[in-house]
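Heads up, the thing below is written out as C-alpha cells.
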Amino acid sequence: MIYSVIAQKLDIPVFGVNLPQHFILAYVDENEHQEAENGILFYINTFNKGFIFGKRDVDMFLKQLNLKPEAQYYEPCSNLDIIKRILRNLISSYENSGLTEKAEELTELMVIVSEEHPHS
C-alpha cells in the first residue's frame, strides 16, 4: 500500500489490485492506449523486488489457484479495499497466534471502516 500511495503522490498512476492470495499493483495508462487492456499497461509484484508482469501471468496464477478469472482480480481496487484486506489478514494472524483480544479490537475496526457512509 505504501508503494501505491507514494506513486500516486508523485502522479504515477499505480494502484492496488486485490488478487486472491497475493496483493499486486497495476500501472494504469490514463489515456488507455489500444494495447492496454482496461488501461492497465502492466502489473507490479512489490513482494518480488518490483517484478513487472502482464495479464497472461495473472491468468496463469489464477489457474494455479483453480479460480475463474473475474474482472476484480485484474482491475485496481480502492484504498478502502486495501485497508480491509490488511485488517482481515491481521485478524486472521492474531487469531492463529491466540491473540484473541487483538483480533477482537481489529474486528471492531473492520466494522467501523465497513459501514456505509451516505456522503462517500
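Read-outs throughout are calculated quantities, based only on the coordinates presented, and are distinct from any laboratory measurement. This structure is a prediction, so every number in the text was calculated from the model and none was measured. Glycine gets a Cβ as well: all are built from the backbone with ideal geometry, and neighbour counts include every protein chain shown.
Relative to the current alpha-carbon distance between residue 45 and residue 104, full extension at 0.36 nm per residue lengthens the span by 18.2 nm.
Of the trypsin sites (Lys or Arg not before Pro) found in the range 1-103, the ones in coil according to DSSP and having at most 16 other Cβ atoms within 10 Å of their Cβ are 49. Phi angles across the range 59-69 convert, under the Karplus curve 6.51 cos²θ - 1.76 cosθ + 1.60 with θ = phi - 60°, into 3J(HN,Hα) values of 4, 5, 4, 5, 5, 4, 8, 6, 10, 6, x Hz, Gly and Pro given as x. Centroid-to-centroid, using Cα positions, the range 7-25 and the range 57-120 are 14 Å apart. As a rough footprinting exposure proxy, the listed residues 5, 17, 111, 28 were ranked by other beta carbons within 10 Å of their own, and the order from fewest upward is 111, 5, 28, 17. Applied to the range 92-100, the Karplus parametrisation 6.51 cos²θ - 1.76 cosθ + 1.60 on θ = phi - 60° returns per-residue 3J(HN,Hα) values of 4, 5, 5, 4, 5, 8, x, 8, 5 Hz, with x for Gly and Pro.
Any idea what log10 I(q)/I(0) is at q = 0.18, 0.21 Å⁻¹ for the range 2-77, Debye with uniform C-alpha scatterers and no solvent? Log10 I(q)/I(0), no solvent term: -0.69, -0.93.
If you run the Gaussian network model on the chain, springs between alpha carbon atoms under 10 Å, then out of 81, 57, 29 the most flexible one is 57.
Which pairs break 31 Å Cα to Cα here: 9/49; 9/55; 68/102? Going by Cα-Cα distance, 68/102 fall outside the 31 Å limit.
Taking amide H atoms as placed 1.01 Å from N in the peptide plane, the amide H of residue 19 lies under 5 Å from those of 24, each 5 or more residues away in sequence or on another chain. Residues 23, 47 in ascending order of nearby Cβ atoms (within 10 Å, fewest first): 47, 23. Summed over qualifying helices (DSSP H, 4 residues or more, each -39500 (n - 2.57)) and divided by its residue number, the chain shows a 222 nm mean residue ellipticity of -13500 deg cm²/dmol.
Couplings 3J(HN,Hα) for the range 8-21, derived from phi with the Karplus relation 6.51 cos²θ - 1.76 cosθ + 1.60 (θ = phi - 60°), are 5, 5, 8, 6, 9, x, 10, 9, x, 10, 8, 6, x, 6 Hz, where x marks Gly and Pro.
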